[in-house]
1. Counting Lys +1, Arg +1, Asp -1, Glu -1, what net charge surrounds Ala292 among other residues with beta carbon under 15 Å of its beta carbon?
2. Mean separation of Cα pairs under 8 Å and 6+ residues apart, divided by the residue count of the chain: what relative contact order is that in percent?
3. Say a paramagnetic label sat at a point 7 Å from the Cα of His427, along Cα to Cβ; which residues of the stretch 394-408 have their backbone N under 14 Å from it?
4. State, as an integer percentage, the relative contact order of the stretch 330-390 based on alpha-carbon contacts under 8 Å between residues 6 or more apart.
5. Rank-order 135-144, 184-193 by packing density, defined as the average count of other C-beta atoms within 10 Å over each peptide's residues, highest first.
6. Based on Cβ point charges of +1 for Lys and Arg and -1 for Asp and Glu, what charge dipole magnitude is obtained for the chain about its Cα centre, in debye rounded to the nearest 20?
7. Would you please state the base-10 log of I(q)/I(0) at q = 0.18, 0.23, 0.25, 0.30 1/Å for the stretch 330-390, with intensities from the Debye formula using one equal scatterer on every alpha carbon?
8. Using only the alpha-carbon atoms of the stretch 93-232 as identical scatterers, what base-10 log of I(q)/I(0) does the Debye formula give at q = 0.09, 0.11, 0.12 Å⁻¹?
Amino acid sequence: MTTQGTDGDRVVIFDTTLRDGEQCPGATMTFEEKLEVADCLDQMGVDIIEAGFPIASEGDFEAVSAIAKRAKRATVAGLARAINADIDRAGEAVRHARRGRIHTFVSTSPIHLAHQMRKSEAEVLEIITATVTRARNLVEDVEWSAMDATRTGIDYLCQCVDAAIKAGATTINLPDTVGYATPEEYYEMFRAVRARVANADKAVFSTHCHNDLGLAVANSLAALRAGARQIESTINGIGERAGNAALEEVVMAIRTRGDVLPYRTGIETTMLARASKLVSAVTNFPVQYNKAIVGRNAFAHESGIHQDGILKHQQTYEIMTPESVGVGKTSLVMGKHSGRNAFRTKLAELGYVLGENAFEDAFNRFKALADRKKHVYDEDIEALVDEEIAHAHDRMKVVALQVIAGTGGPQSATLTLDIDGTQKTVHANGNGPVDAIFAAIHQLVPHTAKLELYQVHAVTQGTDAQAEVSVRLAEDGRVVTGRGADTDTMVASARAYVAALNKLMLKRQKTAKAEQIG
C-alpha cells in the first residue's frame, strides 16, 4: 500500500517499460498490449509513464498519443533526441494528455561526444539550450537527460545541467546509461551537481540506472540519499542489455526499509505481482524464478529450517508478506465442476480483469485443462490467462496437432494452423517430435529465422503439470521470444514457436514501415 510522509520525502516513480523496456531484444509489444500495460501502470499509481519514442515509427507515435488521451492519473512522457523534429513529434504525441511531458536527451561524455555525436562541448551546450527551450515552448513539463552522465567530467556536467535548467527543464536526469557506476560514485555525482549548480533547487533530479553490473537498484537508492526524488525504472527490470532498475524492487525496498530509506511512493504495491505477470506475458519474457519481489520463489521455502521458522513466526524468514505485493497462496479449489462465477472470482483474486470475449475464451480453456488435470493450481490459471492475453491478437494460431514419436521412427507431426482466418494443414517428418513440429510450421509459414533457444519448464509439480515452453528466433538482427503453455509439451512447443513467428512478422512490418517513412 502507499506509505505516508512529507512532500520532501515523496519519490516520483517514472516507468519506462513501454519505451526503454520495449527496446529489449525480443520484447516488442503490439498497440493493444501497450494500452493494457499503460492502464495497469496508471491504476497502480505510477507517476510518469514514458509511453514511447514518437519519432521512431508511426506505431510508436500512435501508442503514445492513445496513452496520453486515456491516462487518468499519470503524466505521459514522450522521448525525443535533441533534434527539432523529435521534439515537435513528441509534443504532438502528448498534447492531449491531462499532464504531458517531453523527455529530451543528449550525450555529454567525452567518449560519446568524440565517437557518436562528433560535437564539441561548446556545441552540445548550445544544443541543450536550443532544444530544451523548444520543448518548453510546447509543454510546461520538460525533462532533460545527460546521456552517459556517469562517464562525464563533473565540471562539464554541471555546465550542462545549469544550461538545461535555465532553458526551462523541470526535471534533470543523470543516467548511468551503461551501468558503469557504483553506489558511492553515483551518490557523489548527484551530491556534487546539486551543490555546485546555483539553480539546482528549481528542478527535480532523477535517476536512470542500467544493470550491467547488477547495481541498478542500489545506485538508484544511493541517489535518493543525495537528493534525487525521481527514479526511472521498468517492470521486471526489462530493458536494453542487462535491463534497468526494477520498479518492484525499488518500491519495496523503500517500503520495507523505511528505517534507512525514509521516503514514500504513490505505488499500490498489491498490484506489483499483477503488473509483473502482465509485462511478462505481453513481452514473452519469463521472470526468473529467484527474481526479487515477483519471482516464483520469492516467497517459497523448501529448506526444513526455513519452513520450521516460517511456521513458528512468518518474519523469521520473510521481510515482507506475499500479500503486500499481490502474491496469493496457492489453492486447490478450482476444478472441472467450477462455474463461471467461481472462475471470475478466482481471476479477480489473481488480479485479472478480462473483457467478456476474453473471459469466455479463458473459461473454455480452463474447463478443458480441468478435464485433463487432477488439480488446477493458481499458477495453472495464471499461465493459461497470460497466454490468452499475450496471443489474443496473433495472426496465426495453433488449431490442431498430432504427433507420432518413439524409438521406431520416423517421428512426424500433422499440424493445422489458422493463418489470418484460414485453416491450413500439413504433415512433416523430423529428427524427433519437436523437430517435426517446427518443420511443419516452416512449411506453412516459410521463413529464414534461426532457432536460438528452446526451453521447457513445468508450471506446477506433478506428471500432469502444464509445460511452459519458450522459443527464441533471430532473423536479420531481429530477435523475438514466444511462449506457449499446455499439459501436452508438444502442443506448448507449437504454440511457443508460432507465438515467436507472430512477433517476427510484426517486427518485419514495423521495419518496412520505417523504411518507407525514411
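1. Result for the neighbourhood of Ala292: +1.
2. On the way: 1068 pairs, mean separation 58.7, N = 518.
For the chain, the relative contact order is 11 percent.
3. The answer is 402-405, whose backbone nitrogens lie closer than 14 Å to the label point.
4. Once divided by the residue count of the stretch 330-390, the mean separation gives 51 percent.
5. Numbers: 135-144: 21.4, 184-193: 18.5.
Result, highest mean first: 135-144, 184-193.
6. Here the chain has a charge dipole of around 460 debye.
7. -0.53, -0.91, -1.10, -1.69
8. For the requested q values the scattering log ratios are -0.24, -0.36, -0.44.
We did not get these values from a lab; they are worked out from the coordinates using the rules stated. Every value quoted in this text rests on a predicted model; they were computed, and no experiment measured them. Here Cβ is always computed from backbone atoms with ideal geometry, including for glycine, and neighbour counts include all displayed protein chains.
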